[in-house]
Each structure stands twice: as structure tokens, then as C-alpha cells.
Amino acid sequence: MTTKESQLKPALAIYDETILAGDGWMHEIKQGQTLRIEDVEGNQAVDTLFYNAQDYEDRYSAVDTIREQGNIYLTTGTKLISTKRNTLLTIVADTCGRHDTLGGACSTESNTVRYSLEKHYMHACRDTFTRYGALWPEPFSKKDITNNINFFMNVPVTPEGKLTFEDGISAPGLYVELLAELDTVCLISNCPQLNNPCNAYNPTPVRVLIWNP
Ligand SMILES: [Zn+2]
């Protein structure tokens, strides 16, 4: 696993916000801008969807991204490919070293199946996606929620091809940076999960920064 630091200075960012533990965020990243997501306290899972801002049906595709780079993990150099084969963003810096795009986002239904019936009432990423998506000027709905990336989340694949959810490999202050190749809408659920170790059973805030070219 290799990491790459950024030369960008937070003081020069045009945007700098905190997404509270379990909350969401939706924002357009203009072509040429750089988005940084920082895991402020470590071991947080940041469930993220990307859409072409000119065509919302053209959205991040995990299978196309995995096939084009020939690797299941995302890190520096990964091009995030859309369903219409556009490159939405490129990961240009990454001090964590590896991000998941196989594990999906938690939902009240999956919490019920994986953990127990009474977990149905716990808040989940799909709720955050639909809540923030509904507030967007051209509202998003459930059908717009497809493949997501889990930044900072550790879902190693065993030699037998099994998926496992493990304690995070991230640490306080680690970040990933993405250069927008097209105008791209980013929808984040800062995962509220309390039932698996993806965020060490302790959801924490993340920071988002944007720089102009
Ligand atoms: Zn989640």
C-alpha cells in the first residue's frame, strides 16, 4: 500500500466544512477543482456517491472503475469511471492508502438482516442519501442511489474471494484528494453505523475542503 501527500494548503481552500458524525453533505465540484475528504478522528467510513452534474444518469460505477484499473481497491491514480464511461474524478493524493467500493452502503434493511430486527430503527447511510438528495434543486430519489465508495473503510478480500468488514486502516488526519475531471455532484453520508467495526463503533466528524485550480 503506497500513500501520496498533497501540496495543497488548507488556508488557501475556497471551502472548508465539517460533516458531523452521522450527517450528510451534497455539493457540486466544478471541473478542475480539488476535493479533499479528511478523516478527522480516524476510522470513519465516508459513504460517497458521484454524479455527472450535466447528466445525473451518468454516475459513478464501481464495476467500470474496478475493471479499468484492474484492482478492487481505490487509491492515488484511480480514475472514477461513470456508467457512460466518463472519468468523473481522479484520486490525486491519498495518505490512507486504500478505499473500498465493494461493501456498499448500510440501510435499515441490511442492518435488520445482518444484526437483528430491532436495528431497523437505527439511522443508516441510505436514509442520509435520500434525505440530502431530496433537498437538491433537482431532487434525487431512491433510484439514484447506486454504487458507492466507502472512503477510509477497510473491506479486505481474502484469497478465497470472501469480503470481510474489519477495523479501519485509517487514522486521525488522514485524507484523500480528488480532482474533478468534469463538473461532478458529490453526495456523502458520514456513516452512522454502530453495529460493525468499519468506524470502530464510533461515528466521528469528517472535514471537506475544496480548492480552485
Ligand atoms: Zn453506513
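The values are calculated or read from the model by the stated rules, or taken from the named source; none is laboratory data. Please read these numbers as outputs of a predicted model, since none were measured by experiment. Because the Cβ atoms are built from the backbone with ideal geometry, glycine has one as well, and the counts that use them run over all protein chains shown. Note: areas computed on protein heavy atoms with side chains; ligands, DNA, RNA excluded. Shrake-Rupley method; radii C 1.70, N 1.55, O 1.52, S 1.80 Å.
Under the condition of being within 16 Å of the ligand (Cβ to nearest atom) and of a type in the set (Val, Ile, Thr), the residues counted in region 193-213 number 2. Could you tell me which residue of region 119-154 is farthest from the ligand (Cβ to nearest atom), considering only residues that are touching a strand residue (DSSP E or B) at 6+ places or on another chain (Cβ under 9 Å) and among the small types (Gly, Ala, Ser)? In this case the residue turns out to be Gly133.
Taking the criterion of being open to solvent by 80 Å² or more (accessible area, probe 1.4 Å), of a type outside the set (A, V, I, L, M) and modelled with pLDDT of 80 or more, the residues of region 101-153 that qualify are Arg126, Arg131, Pro137, Glu138, Pro139, Lys142, Lys143.
The numbered conditions (1) under 17 Å from the mean Cα position of the chain (by Cα); (2) more than 16 Å from the ligand (Cβ to nearest atom) are all true for Asn190 except (2).
Here Ala53, Ala45 are screened, and the one residue that is hydrophobic (A, V, I, L, M, F, W, C) and at pLDDT below 95 is Ala45.
Would you confirm whether any residue within region 58-65 is open to solvent by less than 50 Å² (accessible area, probe 1.4 Å), without any contact (Cβ under 8 Å) to a residue 24 or more places away in the chain, under 15 Å from the mean Cα position of the chain (by Cα) and under 24 Å from Leu163 (Cα atoms)? Checked against the condition, which is being open to solvent by less than 50 Å² (accessible area, probe 1.4 Å), without any contact (Cβ under 8 Å) to a residue 24 or more places away in the chain, under 15 Å from the mean Cα position of the chain (by Cα) and under 24 Å from Leu163 (Cα atoms), region 58-65 yields no hits at all.
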